[in-house]
Amino acid sequence: MGAVVGFAVGYLLGTQAGREGLEELVASWKVISESDEVRDLVAGGMAAARDLVAHGRGALAERIQPERARLHRVA
């Protein structure tokens, strides 16, 4: 998360530094976006989104068909 904040600050400073500052900013973004920290952040966000969708799907199924939603198939 610190990398994203660092990028935002770099962006603000880079816009005032002209073309060279912008080029440095682009290079920094490439390093940041490929970092393990950002990959972990994205993976965590994706996992949370999947859990939220699964929970919502279950709640929706329960509202649509309450008696069927209570029956769970055992694999």
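None of the figures in this text is laboratory data; all of them are computed from the coordinates on show. No experiment lies behind these values; they were computed from the predicted model shown. No Cβ is skipped: glycine too gets one built from the backbone with ideal geometry, and neighbour counts run over all protein chains shown.
Once the stretch 19-66 is narrowed to residues that are surrounded by 10 or more Cβ atoms within 10 Å (Cβ to Cβ) and not in a helix (DSSP H, G or I), the residue that is farthest from the chain's Cα centre (by Cα) is GLN65. Pairs linking a residue in the stretch 27-44 that is among the acidic types (Asp, Glu) to a residue that is exposed (fewer than 10 other Cβ atoms within 10 Å of the Cβ), with Cβ atoms under 9 Å and 6 or more positions apart or on different chains, are GLU37/MET1; GLU37/GLY2.
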